[in-house]
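Taken together, the values in this text are just the output of simple stated rules run on the coordinates, not laboratory data. Source: prediction; values computed, not measured. A quick note on method: Cβ atoms are made from the backbone with ideal geometry, for glycine too, and the neighbour counts reach across all protein chains shown.
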Amino acid sequence: MRETGEKEASVRAIIEELCVDGRKKPRELIPFLQKVQARLGYVPAEVLREAAGVFGVPEVEMYAVATFYHQFRLQPPGEHRIKVCLGTACHLMGGQRILDWFGRRLDVREGQTTADGKFTLERVACVGCCALAPVVVVDEKVEGKVSPTRADGILLSLGVKPEAMKPKQPESA
Amino acid sequence: MEAFEHIPLITVGTATCGRAAGALAVLQAIREEIARRDLLVEVQEVGCLGHCYAEPLVTVRRPGFPALCYGPLDEDRARRLVTDFLIGDDPCLEYALAALEPNDLFPALEEFPRGACERRVILALCGLINPEDLDAYLVHDGYAGLARALEMSPEEVVGEIVRSGLRGRGGAGFPAGEKWEACARAPAPARYVICNGDEGDPGAFMDRALMESNPHQLLEGLIIAAYAVGARKAIIYVRAEYPLAVARVERALEQARERGLVGKGILGTGFDLEVEVFQGAGAFVCGEETALIASLEGRPGVPRPRPPYPATSGLEGLPTLVNNVKTLSYVPHILRRGAEWFRSLGTANSPGTAVFALAGKVANPGLAEVPMGTTLRQLIFEVGGGIRQDKQFKAVQIGGPSGGCLPESALDLPIDFDSLSEAGAMMGSGGVVVLDEEDCVVETARYFLEFTRQESCGLCSFCRLGTAHLLERLTALTRGEARLEDLDRLYDLAEDVRAGSLCGLGQTAPNPVLTTLRYFRAEYEAHVKEKRCPALACRDLVLYCILPERCSKLCNLCVGSCPAGAVITRPDLLKAIDQAKCVKCNQCLVTCPPEYRAVVKLSPPQLPPEGDAGHG
Ligand SMILES: Cc1cc2nc3c(=O)[nH]c(=O)nc-3n(C[C@H](O)[C@H](O)[C@H](O)COP(=O)(O)O)c2cc1C
Ligand code: FES
C-alpha cells in the first residue's frame, strides 16, 4: 500500500535524522520519543522496533517506556486534540461534565478518535491552571472556565456544524 | 524600570493561567491600539501575579500616577484603557483591581486582607518583571546571591543553608541543608544537581508559575546549589504538560550562558557548570526522586527502595541532589540576606514562607505566599476571599492526592510541616483545594483513589492492588451499594496500604480516605444507610426533577439546554424530565432562571409522589 510505504520511508528518515551520530545513550531515549511524537503526532511501532537497535535496548523495553508515560501515543491522533483536565480543581468544578459533554457531542469516548478522524478526546491530570477550572486544552491552547456552552463554541470554531450537535430527536412527544 | 521613567509602561500577565483567560488577545489589542494611535508606550509580557481570579491582568505605570493593576480585562476594556488613560487622563478606575503601592488614588494590594497576610519572597517579582529579560532580574539584585556564594567556600554555602533551617518544599519538608551536606560529603568523581519541576500534584500550580514568571531566580538557586555540593552538571526536570515553563526556563538558561552565569568559569571564577532542561513525559510518580532519576535514565519511572538516597547514589550511581523548584528559589534570597533573616520568618521548626495554590470553591483562587504558621482560615477566608457564591465551607484538601481532607474544626491550625501531619494531612507541595457544601467527601476520596490507582507504577502489590480495592469500595459507596461493615474494612485496608507500600505514593494514597472517614463519618453513613448523598453530588444517588408549582410553563430554556433531549413539554405545558434519558449534566438546573428555580436535585433518587409535588 502506498500509504504504509510512505510512512515507512518517513519513519526511517526520522530515525536517521534524529540518530545521525549513531548509537545513543539511554538518557536520550525519552527526548527521542518526544521528538518523534512532536513530528508525527504519535510513536509508530516501527519507530520502537528500529530505534531499539540504536539505543541498544531490547524492543520490549522500548515498549515498556513508551507505554509507561502518558505523553506517548502509539496510535495516530485526530486532526484536533481536545484534552479535558480532570485534576482535583477541575474535577470539583465540573470537569467530568465537560468531558461527558464533548463525548456526547462528538459521539466518542475518552481516549478515542471520532470516526472521521477529526477529533481525539482525552483527559489530562492538571495543566496547572487550577484557578481557572474547569480547563480544556484544545490542540495547544489552554481554555479556562469552560462551560458546556463554551464547549459548544469551541466545537463550532473547529468546524463542527450546529446541526451535528442537536440531541437525537426525543421519541416521546 | 528607571529607563522608562518618562515612558508609560504596560505589562500583561501572559503566564499559562493568563493565557487561559485570554491574555494574548488582550495583549494584541493593546499593541494594536498603541500602534494605531502611534503612542510611545512600552509593552511587556510578565508572568503570574498570583491573582489568577482576576486574569487577564494588566498593569499600567504612567508617570504621575501610581502603578495600577487592572483585571479581569477583555479586548474592549484593554483598548479603552489605552485611549482613556494613555491619551486621556482617566485611569479607568472602574476596571482597576488594586494599586501596586499605597497612594491617595486607589487602594493598594497590601491594604486588602489578602495583602496583610502575604509576605512575598519567592513570589516577590512574579508578575512584575519580564521573565525573558535577564536585566529585569539583575535590576532587582538578581544573581547577587550567586556572586556572594562564589566569594564563600562551598562548605560555607552549605553551612548557610543548614543555618537557615530551610526545609524542602517538594512535599516532605526534609531539611535542605542536611541533604546538601550528605551530597557534598559523599565521595565521588562527579555529582549532579536536579531541580524537580515535575509538579504532579493536581491542584498545585506554583512551580509552573515560578518557572514561567521568574525562571532566573530558580536558575540562580540551582547554580548556587551546584557550587555548594560540588556538581558540574545540573538538570532542570520540567513536566511536559508545562510547555511555556519549558520555553521560559530554556530562554533564561540561554541568556545566563551568554552572560557567563552558566558554563565555564562562572563570573570569572574557576567554577564550571553545565545545565540542561529535561522534559518529563507525563507520569505523576516521576515527581518521586528515584522515579524521576529512572526516567532520566530512559527507563519507566518506577521508584526504587531508599536508602541509598539519591544524595549519595542517584543519577548514574553518582551523588545527586534533588530539590524542588521552590526550595531552590529560596536559595538566592538566603545567600543574599542571610540565614538569620530567613529564620526570622515563619515558625521555629518551619522557617520561611510557604507558597500556596488556592483552587476549588474559593472566591479568589490563585497563588499566595504567607509566613509559615498562617492558619488555614486566614488562607481561605482572607487570602482566598471565602467561599464562592456564599456557600458553606465543607472541607479543605491540602497536600494533593497524598494529603488529606480537613474539616472546619481544623481551620485554625497554623500551617507548617508538622502541624498538618498531626491532623492527618500534609503540607505537600502546597496545593489547597477548597470544598463547599455541594461537594461530597466520599466522592472526593473516590476521585483521589482513582487518581492514585491510575498513577501507581504497579511495582508493589500493596499499592497496585490496595488502591484498586479502595477505589472499588469507594465507588460502591458513591453508588449506594455498600454496607455498614464496609466502612471498617475500608479503614483497615487503608491502614494496610499505608504500612505496606514501597514509596510515598502508596504510603500516602490512603490519606484522603482516612481523613474523610475520620472527620466526615456521618456523610459516609448517609450513603450506606439512606442511599443518600447529603451534598447531592454523587451521580448515582441523585436525580433531577422539575417542580410543577415553580415551572413557569412559558419558558423553554430547560428544553433547549438539554443535550440529551430529556426535558419534555407535557400537554399541560409544564416541563418534565424523562429520567431514562437524563444524563445528569446539570444544564437544566443552571439554565432555569433564578426567579423560578424550578429544577431541583433530589437524593435519594426518588421522584416525589405526584400529589405531594402540588399538581395532579
Ligand atoms: C509520589 C510522589 C510524587 C512526588 N512529586 C513531586 C513533585 O511533583 N515535585 C517535587 O518537587 N517533589 C515531589 N515529590 C517529592 C520528591 O520525591 C522529593 O522529595 C523532592 O523533590 C525533594 O525536593 P525538596 O527536598 O526540595 O522538597 C514526590 C514524592 C512522591 C512520593
Ligand atoms: S486541576 Fe485542572 S488545571 Fe489544575
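Details
- When DSSP beta bridges are restricted to pairs lying wholly in chain B, around 60% turn out antiparallel.
- Average beta carbon contacts from partner chains per residue of B:16-26, 10 Å cutoff: 5
- Chain A: translational diffusion in µm²/s, Stokes-Einstein, Kirkwood Rh over Cα pairs, 20 °C, 1.002 mPa s: 119
- Each DSSP beta bridge with both residues in the protein assembly as shown is either parallel or antiparallel, and the antiparallel ones are about 55%.
- Taking the empirical scaling 2.2 N^0.38 Å for compact globular proteins as reference, segment B:307-432 has a Cα radius of gyration ratio of 1.20.
- Report summary: the helix-based calculation at 222 nm, which adds -39500 (n - 2.57) for every DSSP H run with n ≥ 4 and divides by the residues of chain B, gives -10500 deg cm²/dmol.
- Rounded if a/c under 1.5, otherwise prolate or oblate - segment B:516-567, Cα gyration tensor axes: prolate
- Estimated FRET transfer efficiency when R0 is 56 angstrom, pair A:Tyr63-B:Arg597 (beta carbons, to 0.05): 0.55
- Stokes-Einstein diffusion for segment B:208-306, with the hydrodynamic radius set to the Kirkwood value over Cα pairs and evaluated at 20 °C in a medium of 1.002 mPa s, equals 150 µm²/s.
- Listed by chain and number, the aspartates and glutamates whose C-alpha is less than 14 Å from the C-alpha of B:Lys529, apart from same-chain residues fewer than 8 away, are B:Glu481, B:Glu485, B:Asp486.
- Simple point charges give the picture: +1 on the Cβ of Lys and Arg, -1 on the Cβ of Asp and Glu, and for the protein assembly as shown a dipole about the Cα centre of about 1420 debye.
- Listing B:Asp201, B:Asp492, B:Asp133 from fewest to most neighbouring C-beta atoms within 10 Å gives B:Asp492, B:Asp133, B:Asp201.
- The base-10 log of I(q)/I(0) for segment B:461-616, evaluated at q = 0.09, 0.19 Å⁻¹, reads -0.42, -1.04 [Debye formula, identical scatterers on Cα atoms, solvent excluded].
- Neighbour-count ranking [beta-carbon atoms within 10 angstrom, fewest first] of B:His333, A:His91: B:His333, A:His91
- Computed over segment B:54-109, Cα set: Rg, Dmax in Å: 10.3, 28
- For segment A:11-109, projected area of the alpha-carbon convex hull averaged over all directions, nm²: 7.6
- Of B:Gly170, B:Asn130, B:His333, farthest towards positive along the dipole that unit charges on Lys, Arg, Asp, Glu beta carbons give chain B: B:Gly170
- With the convex hull drawn over the C-alpha atoms of the protein assembly as shown, the volume per residue is 184 Å³.
- Calculated FRET efficiency, A:Glu16 to B:Asn130, Cβ-Cβ distance, R0 = 45 Å: about 0.65 to the nearest 0.05.
- Neighbours of B:Ala176 by Cβ distance under 13 Å: Lys/Arg scored +1, Asp/Glu scored -1, total +2.
- Kirkwood-type radius of chain B, with distances r between different C-alpha atoms, in Å: 26.4
- Cβ-placed point charges (K, R +1; D, E -1), dipole of segment A:87-173 about Cα centre in debye, nearest 20: 180
- With distances taken between every two different alpha-carbon atoms, segment B:247-370 has a Kirkwood hydrodynamic radius of 17.8 Å.
- As a calculated quantity, the FRET efficiency between B:Val43 and A:Arg23 at R0 = 45 Å, using C-beta atoms, amounts to about 0.40.
- In nm, spacing of pseudo-spin labels at B:Arg163 and B:Asp141 (7 Å Cα→C-beta vector): 1.7
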